[in-house]
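First comes the structure, then the notes that go with it.
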């Protein structure tokens, strides 16, 4: 049985497990994608990192939280806007049933 000392450690394990599953299914993805921000013509490295970009089209943010909060949705919306993508999911692995922890964000 695996024991985790922090939610970050659990999130890392869940993120890696998800990546392994995508790999086994032959689905292309990028992990921990750095996202620089342009400000007045200069590219700034702000430390923004997208957990996963699946198929070049969908951003997936992995969380291990008791509840997905508005700040988590705002974070995903910011990433979608900066990456010029329209679809993203927050996968919260801290739920009894995974389907209960899958908010979808669509920019239109």
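The numbers here are math on the coordinates, done by the rules we state, and not lab data. What you are looking at is a predicted structure, and each value in this text was computed from that prediction instead of being measured. Quick reminder, even Gly has a Cβ in these numbers, built from the backbone with ideal geometry, and neighbours come from all protein chains shown.
What the table below lists for this structure:
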item: Cα→Cβ-extended label distance, 7 Å offset, between residue 104 and residue 86, nm; result: 1.3 nm
item: Mean separation of Cα contacts under 8 Å (6+ apart) over length of the chain, as relative contact order %; result: 20 percent
item: Rough spin-label spacing in nm, given labels placed 7 Å along Cα→Cβ, for residue 96 and residue 31; result: 3.1 nm
item: √(5λ) per eigenvalue of the Cα gyration tensor, the chain, largest first, Å; result: 24, 16, 15
item: Helix axis angle, 7-24 relative to the chain longest principal axis, alpha carbon, degrees; result: 90 degrees
item: Helix-only [θ]222 nm of the chain, DSSP H runs n ≥ 4, -39500 (n - 2.57) each, per residue, nearest 500; result: -10000 deg cm²/dmol
item: Cα centroid of the stretch 92-108 to Cα centroid of the stretch 13-59, whole Å; result: 18 Å
item: Radius of gyration and Dmax over the Cα atoms of the stretch 62-108, both given in Å; result: 10.8, 33
